[in-house]
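*Asks:* Just passing along the structure, written as structure tokens.
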Amino acid sequence: MLRVFELEGEVLSLGRYHLAPPPVPGGAVQRWRRHSGGRAFPAGEGFLGLSLVLSHRSAIVGDDPFALAPEQVMNRYVRGILEGLRLVGVAAFYPGRVLPGLLDRADPGGLVTAAMLTPDAVTSIHRVRGGALGVDELAESLRRGYEERLAVTFQRRDFSAEETRGLEAAAIEENSGASWLGQRVPRAELDRHGSITTQLGVLEAHFALDGDRIREIVFAGDFIANSPAIERLERELRGAPAEAGAVEAVTRAVFGRPDNFLLGAGPLRTVADAVARGLPP
């Protein structure tokens, strides 16, 4: 499914692994957690979003789920986006220039880290075309882009009444504070914190020690990974020795499985380095 959408109001879009900042009393900025990883970025009025939902990561290019390596997926599937935007006369746009203001208002405590881009570093569709690009126009250009670059066919259809009710129920559940948005929040008992700069931004380790072992640990930041792998990594590190070598060994075992991946963080050693920076001297 190729879905093109827009969100109402002002929205701070958090990745799958960011810690959600507490709501700001009277704040107008909504906090929204994506199912994908990556950086925090602005959404809402003035931005169009898209998602490509597949049965497995290689679905468009073949039946073998492992036909594409994890690091090939974005490079392959972004081709349809680039072609679709080329058809309307613009290049890809990363909405970085309004992010500082949204972060300041939605996260005054500075919980979410993010690299900032200047206006000269981004491309605005509105500025290039002299006007906004609507949902329908973008959807049509992306359909053509994917069909021309990846030899697939999309058929447009509306949601049924039953599907709409299901989506509305899921939205209500996910938007409750104790559910999807709040499934990763700051925890006072995790009193150790280590972080390291990565390709995408920052990888953070929040953890607690029990003597010379890790009692509990949560990873946060801008990385991209399949959620079962992160859940397994955090689970298998509980009780592990609190030293870099042991953390690296567990990390390599988890991501040695062909269905697991960690992108945007650099070499797997980076995970152990983040933990090591939070250990007592």
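Each value in this text was obtained by applying a stated rule to the coordinates, not by laboratory testing. What you see is a predicted model, and the numbers here were worked out from it, not measured in a lab. Virtual Cβ from ideal backbone geometry, glycine too; neighbours counted across all protein chains shown.
*Asks:* Would you mind classifying the range 192-276 by shape? Square roots of the alpha carbon gyration tensor eigenvalues, ordered a ≥ b ≥ c; an a/c under 1.5 is rounded, otherwise it is prolate if a/b is larger than b/c and oblate if not. Working shown, then result.
*Replies:* Details: a/c = 1.72, a/b = 1.26, b/c = 1.36.
The shape class here is oblate.
*Asks:* Karplus couplings for the range 26-36 from phi (6.51 cos²θ - 1.76 cosθ + 1.60, θ = phi - 60°), rounded to Hz, Gly and Pro as x?
*Replies:* These are the phi-based 3J(HN,Hα) values: x, x, 8, 7, 7, 9, 9, 9, 7, 7, 8 Hz.
*Asks:* Also: Modelled label-to-label distance, ALA169 and HIS56, 7 Å Cα→beta-carbon offset: nm?
*Replies:* Distance between the two pseudo-spin positions: 3.0 nm.
*Asks:* Also, I was wondering about something else. List every residue whose amide H lies under 5 Å from the amide H of GLN30, counting only residues 5 or more places away in sequence or on a different chain, with H placed 1.01 Å from N in the peptide plane.
*Replies:* Result for GLN30 returns GLU10, VAL11, LEU12.
*Asks:* Through the Karplus equation 6.51 cos²θ - 1.76 cosθ + 1.60, θ set to phi - 60°, convert the phi angles of the range 211-217 into ³J(HN,Hα) values in whole Hz; use x for Gly and Pro.
*Replies:* After applying 6.51 cos²θ - 1.76 cosθ + 1.60, I find x, 9, 10, 7, 7, 8, 8 Hz.
*Asks:* Okay, next question. If you average the C-alpha positions of the range 259-281 and of the range 15-76 separately, how far apart do those two centres end up, in angstrom?
*Replies:* Distance between centres, Cα-based: 21 Å.
*Asks:* Name the long-range amide H neighbours of THR198: under 5 Å, sequence gap of 5 or more, or other chain; modelled H, no Pro or chain starts.
*Replies:* Sorted by chain and number, the residues that satisfy this are LEU203.
*Asks:* So what is the relative contact order of the range 192-276, in percent, for Cα pairs below 8 Å that sit 6 or more residues apart?
*Replies:* Values: 158 pairs, mean separation 28.2, N = 85.
Value for the range 192-276: 33 percent.
*Asks:* Sticking with this one: Rank LEU200, LEU52, LEU133 by mean-square fluctuation in a GNM of the chain with C-alpha springs under 10 angstrom and give only the top-ranked residue.
*Replies:* Highest fluctuation among the options: LEU52.
*Asks:* Sorted from largest down, what three extents in whole angstroms do the Cα atoms of the chain have along their principal axes?
*Replies:* 59, 49, 44
*Asks:* Scan around ARG215 for amide H atoms under 5 Å from its own, H built in the peptide plane at 1.01 Å from N, and keep only partners 5 or more places away or cross-chain.
*Replies:* The list, which skips near neighbours in sequence, is ALA208, LEU209, ASP210, GLY239.
*Asks:* Find how many whole Å separate the alpha carbon centroid of the range 200-245 from the alpha carbon centroid of the range 136-198.
*Replies:* The range 136-198 and the range 200-245 have Cα centres spaced 25 Å from each other.
*Asks:* So, one more: Normalising by the residue count of the chain, find the relative contact order in percent from Cα pairs under 8 Å and 6+ residues apart.
*Replies:* 19 percent
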